[in-house]
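To start, the structure under review is shown below, and the notes come after it.
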Amino acid sequence: MSPSDPRHLADALPSQTEILADVERAFAEDIGPGDATADLLDPKATATAVLTCREDAVLCGSPWFDACFRKLDPDVRIEWLANDGDRVAAGSPICRLAGNARALVTAERSALNFLQLLSSTATVTAQYVDAIAGTRTRVLDTRKTIPGLRRAQKYAVRCGGGTNHRIGLFDAMMLKENHIIAAGGIPAAVRAARNTHPTLPLIVEVENLDELAQAVQAGADRALLDNFTPAMLAEAVAYTAGRIPLEVSGNVEIDTIRAIAETGVDFISSGALTKHIRAIDLSLRLDVKHP
């Protein structure tokens with residue numbers, strides 16, 4: 001199933017209510033009480049526009065882009081020439097719009113901000129996924145996201161072909177070093193976690209092979225191998241032999257991820273997908289028609 005297949009993205013896309021809430025926040029900080037510059041335009045003027053992607057990228061963010069323009073002009077016509085998850089080439093026109101000129105110029109910045117940010121996350125994710133092509137390993141995101149836009153960025157990771165980790169602190173338990181110390185060790189921490197939230201997935205962070213053995217024996221659902229060397233990763237894969245999924249975190253970069261994946265681990269998680277990003281270069285050109 002390709003990243004742009006609607007079946008792949010449907011369960012990752014935030015609800016329309018969430019998308020509209022994102023747009024409301026964006027408009028509140030950008031438009032405030034009104035667009036003073038747009039007041040120069042005739043309120044009856046109409047315009048057409050063409051959106052072009054100026055660099056190779058993976059497209060993501062069209063629901064937010066659409067919501068920005070429809071919020072100010074419910075009758076705006078939007079024609080997408082590519083879908084979220086599609087790879088687009090530099091110089092490609094990707095969308096055409098037609099509607100009220102004031103609405104188009106006022107919504108433009110917020111709409112582009114969503115699209116350039118989410119396309120960046122999707123593009124970086126695709127680069128990481130491409131780097132481990134042919135292995136059994138899947139690329140995971142993390143909670144290192146822009147505050148208030150986590151669901152949007154996790155959707156973008158899916159558009160890039162990645163896999164989502166937990167959404168937040170509520171839908172899975174991850175026992176990290178401080179949790180384990182406070183609980184009195186890995187076996188005690190796992191027991192306490194199972195007693196507290198027995199239905200939630202349980203991930204245990206381990207820093208060496210001895211701790212991995214403790215996590216497996218205690219019944220963890222997944223082990224998070226933190227800053228393991230390649231040799232340690234190979235040992236971990238051999239030791240677990242498929243009994244428990246293994247996730248790698250720490251020191252994961254585009255130039256190291258292939259070697260990590262070739263050890264046979266199940267997952268590699270990287271905050272770079274959502275925090276080490278550069279906005280995709282987009283251009284929206286308008287042609288205004290006066291009444």
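Bear in mind these aren't lab numbers, they're just calculated from the coordinates by the rules spelled out. This one's a predicted model, so the numbers in the text were calculated from it and none came from an experiment. Cβ coordinates were reconstructed from backbone atoms using ideal geometry, including for glycine residues, and neighbour counts include every protein chain displayed.
Details
- Filter pass, LEU175 being without any contact (Cβ under 8 Å) to a residue 60 or more places away in the chain and either under 24 Å from PRO230 (Cα atoms) or aromatic (Phe, Trp, Tyr) (or both): yes
- Tallying residues that are assigned to a loop (DSSP other than H, G, I, E, B) and either of a type in the set (D, E, K, R) or closer than 24 Å to THR274 by Cβ (or both) within the range 230-254 yields 7.
- In a residue-by-residue description of the range 279-291, the property of being within 25 Å of MET174 (Cα to Cα) and surrounded by 13 or more Cβ atoms within 10 Å (Cβ to Cβ) applies to no position.
- Residues of the range 236-250 that turn out to be within 19 Å of the chain's Cα centre (by Cα) and at positive phi, as a count: 1
- Members of the range 39-92 that are under 23 Å from VAL23 (Cα atoms) and among the polar types (S, T, N, Q): THR46, THR48, THR52, SER62, ASN83
- Residue list for the range 50-71, restricted to those being touching a Lys or Arg at 6+ places or on another chain (Cβ under 6 Å) and surrounded by 21 or more Cβ atoms within 10 Å (Cβ to Cβ): VAL58
- Being hydrophobic (A, V, I, L, M, F, W, C) and either part of a strand (DSSP E or B) or over 23 Å from the mean Cα position of the chain (by Cα) (or both) is a condition met by at least one residue of the range 8-29.
- All of (1) surrounded by fewer than 22 Cβ atoms within 10 Å (Cβ to Cβ); (2) over 30 Å from ALA38 (Cβ atoms) hold for GLY85 with one exception: (1).
- Of residues in the range 79-107 being hydrophobic (A, V, I, L, M, F, W, C) and in a strand (DSSP E or B), the one nearest to ALA10 (Cα to Cα): TRP80
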